[in-house]
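Heads up, the thing below is written out as structure tokens.
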Amino acid sequence: MNRGPFIFIGVLIIVSLSWAVTLVKPIQEAGNLAPIGKGESRVPTLLAGLALQGREVYQEQGCVNCHTQQTLATVGSDIARGWGDRQSMPLDYVDQSPVFTGYNRVGPDLANVGTRRTDADWHYLHFYNPQITSPGSNMPPYAFLFETRKIIGPASNRALDLPEGYRPEEGYEVVPTPEANALVAYMLGLSQAYDIEEAPTPEKLAYK
Amino acid sequence: MNLICNLFSSVFPSLGGDGSQREREQTIDSSMRFAVLGLIKGSVFWLLVASLLGLIVSIKLHSPSYLSEYGWLSYGKAYPAFWNALVYGWLFNAGLACVAWIIARLGGRPSGNSGLLAISGGAWNIAVIIGLFGIFKGDQNPYRMLEFPSYAAPFLFAAFIGIGIWILLAFKARAYRSSYASQWYALAGVFSFVWIFSIAQAMIFCMPAQGIFQSVVAAWFGGNLLGLVVAPFAFATIYYLIPKALGQHIVGYRQSGIAFWSWIFFSSAAGLASLVNGPFPAWVASVGVVASFGLFLPLSVFTMQFLSSLFASFSKIWDTLSVRYVFYAVFAFIVATALTILGSLRGIQEVTQFSQFNDGVRYLFLVGFAGMAFTGMVYYILPRLLNKELPNPSLADLQFWVQGLGIFLVTVSLVYGGWAHGALLNGSDADTIAILQNTKTYLFLTTIGSVLFAIGNFAYAVSFVWILLSPRTEKEQSADLIEPAPELEYTHS
């Protein structure tokens with residue numbers, strides 16, 4: 001115990017063992033999944049261009065610190081809340097790098113937000129200021145993803161239809177930046193609403 | 001004028017007029033004064049930054065419009081910035097300063113090379129600045145404790161290697177062949193960080209593992225960062241301070257080997273317990289749960305050793321500032337580890353998963369245990385390094401109580417509030433906002449705790465700057481200010 005090399009080798013062996021058993025082995029066993037099917041019926045479904053850019057905005061803004069992207073079916077009340085129909089599976093994430101599985105749920109799980117929140121306008125208002133759509137929420141306003149500008153000529157058709165109290169002064173309009181557009185496209189595309197045979201669902205668990 | 005002289009001498013200290021009895025210690029101290037002081041300066045700076053960020057984060061959770069016009073400071077960025085400033089900024093600087101000093105002192109011989117320590121210490125702080133800047137700029141990674149953008153990683157790594165090499169050289173240069181528990185932990189922490197950081201960078205960013213396995217690697221890294229790096233540095237200081245500052249040998253010191261190896265063994269997988277129920281291989285999470293349970297073994301040895309040693313000289317604890325910090329740290333360690341073990345139980349995870357409960361346990365472990373241990377050690381090092389007495393002990397007293405209360409409040413509100421939050425989140429289908437309104441009290445309480453903690457840290461910074469700048473009194477220049485501390489047991493063996 002008195003010598004440095006002894007401690008070095010001991011720590012090396014232990015950490016390597018943990019690495020080999022808990023990381024290398026499972027990755028070898030299950031870290032090479034391939035998507036199933038092609039085209040429309042591909043599982044998992046692919047995100048398109050704008051939504052992929054939105055993924056980057058999601059990462060930049062650190063949404064992962066308040067939102068998870070994993071539906072649990074075996075415990076908890078995710079299914080009862082309508083956050084998904086089945087357990088999220090490794091296959092759902094094979095196209096993603098990095099993944100936003102997350103740790104904290106200050107807000108709802110977003111793995112399937114695209115299936116339950118389908119209205120783009122809702123998302124724009126919500127990002128501009130969550131108090132508009134969800135009074136009492138503690139989600140931060142992302143007004144800096146929007147531009148407040150003077151109306152020159154005809155008003156933009158992209159301008160937000162803000163309720164009383166949130167409107168800019170007369171003669172100005174609020175339009176989303178490309179980042180906001182991308183983020184909304186990402187929200188609309190986020191979904192795991194396809195079948196994966198092995199995935200636990202409440203019905204399957206009931207038969208067990 | 002005096003101020004400028006003092007500023008100068010704190011940067012380029014000289015030892016003229018120091019006492020004579022402690023000649024050997026003083027040569028060691030002077031050989032690394034600049035470098036260790038540099039790390040401590042960094043730690044105090046980052047502690048202030050982290051407490052400010054922590055305060056902002058906690059306010060934003062109940063008042064989302066607070067500072068919301070600053071996009072770079074929105075919750076999603078401030079939250080990872082807070083944790084990273086706390087760990088890589090404060091705890092690493094402080095912990096490395098403590099173990100570097102301990103290794104050199106226990107070695108009994110000046111090691112030289114202090115230029116290496118100073119330069120790599122500086123580089124470390126630059127790397128942390130780059131990392132935080134990256135988070136604010138929008139380059140964060142979505143993995144806990146790996147949020148620093150990938151371009152900060154090489155700097156962080158290179159700087160750590162420099163510090164690590166210095167610590168190894170200082171250990172090699174030791175005069176005594178035998179070694180003491182503090183030295184084992186210091187070395188283990190250094191080795192582990194190099195190892196786990198390389199693995200995490202390689203498997204997530206260089207050759208990314210598929211999909212969810214990146215999260216598995218990140219959970220492994222996050223757990224090990226706490227268990228194999230930060231905690232060992234804190235153990236090193238506790239094993240050192242109890243005999244040195246309290247004059248009480250470690251009761252049951254013979255058991256230290258068991259505690260050491262079992263702690264390293266079980267910690268090395270305990271972080272995986274957070275993966276239960278998710279889209280991860282279930283058995284990997286189970287390994288984590290079992291490993292967390294294993295922590296019970298080292299926990300009981302540590303509890304026995306530390307508590308018996310402290311209680312054996314109980315009346316002296318409150319007189320010695322450093323030991324008071326150790327006392328707090330030991331309690332925080334016991335509670336945090338017990339909560340980690342309990343919190344890995346499936347039944348409990350069903351309530352606490354995804355709530356702030358886990359943040360609370362982490363906070364207690366990092367701040368209450370490691371942070372308090374390092375602060376106690378810094379208060380032990382400073383008078384020796386600078387050959388001055390603490391100019392205002394009552395300020396340091398105040399700091400201890402305010403920090404202690406702040407940490408307690410934050411922990412209770414996160415742990416208990418997290419429990420209440422999780423019970424509604426996982427056990428009912430209540431609306432998110434309804435749950436939020438229900439648990440708002442705890443969010444406010446967290447803010448109060450964070451305010452207290454920040455005040456305590458401010459007092460700390462004042463104390464620190466004060467002792468740096470205060471002129472040395474007559475007494476300090478002539479007398480042997482510092483009584484020789486007792487030798488550690490290993491020298492008898």
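The values are calculated or read from the model by the stated rules, or taken from the named source; none is laboratory data. Since we're looking at a predicted model, the values are computed, not measured. As a convention, Cβ positions derive from the backbone with ideal geometry for all residues, glycine included, and neighbour counts pool all protein chains shown. SASA here: full protein model, heavy atoms, side chains in, ligands and nucleic acids out. Shrake-Rupley method; radii C 1.70, N 1.55, O 1.52, S 1.80 Å.
Quick notes on this one:
- Volume per residue for segment B:201-341 equals 103 cubic angstrom (convex hull of Cα atoms).
- Three-way shape call for segment A:1-108 based on the alpha-carbon gyration tensor, with the a/c threshold at 1.5: prolate
- A simple count of charges around residue A:68, restricted to other residues whose Cβ falls under 11 Å of its Cβ and scoring Lys, Arg +1 and Asp, Glu -1, yields -1.
- Alpha carbon convex hull of the protein assembly as shown, projected area averaged over orientations, nm²: 32.5
- Angle between chain A longest axis and helix A:49-60 axis [Cα atoms, degrees, rounded to 10]: 70
- Neighbour net charge for residue A:195 - beta-carbon separation under 12 angstrom, K R +1, D E -1: -2
- Probe 1.4 Å, protein heavy atoms only - accessible area per residue of segment A:1-117 in square angstrom: 43
- The aspartates and glutamates within cross-link reach of residue B:244, meaning a Cα-to-Cα straight distance under 12 Å and a gap of 8 or more places when in the same chain, are B:483, B:487, B:489.
- With an a/c value of 1.5 or above and a/b larger than b/c for the gyration tensor axes a ≥ b ≥ c computed over the alpha-carbon atoms, chain A is described as prolate.
- For chain B, hydrophobic long helices are taken as DSSP H runs at least 20 Å long by C-alpha position along their axis with mean Kyte-Doolittle hydropathy of 0.0 or more; these are B:23-62, B:92-107, B:114-137, B:153-172, B:181-200, B:231-246, B:256-270, B:296-312, B:321-343, B:372-386, B:393-427, B:440-469.
- Burial of 50 Å² or greater, segment B:275-292 residues [accessible area, probe 1.4 Å, versus chain by itself]: B:277, B:279, B:283
- Relative contact order [Cα under 8 Å, 6+ residues apart], segment B:21-471, whole percent: 16
- Loop-resident sites, segment B:239-274, for chymotrypsin sites (Phe, Trp or Tyr not before Pro), counting at most 11 other Cβ within 10 Å (DSSP): none
- Shape of segment B:21-471, Cα gyration tensor, a/c cut at 1.5: rounded
- The Cβ shell under 14 Å around residue B:274 holds other residues with a net charge of +2, Lys and Arg each +1, Asp and Glu each -1.
- When the solvent-accessible area of segment B:21-471 is split by element, carbon and sulfur atoms take up 72 percent of it, the probe being 1.4 Å.
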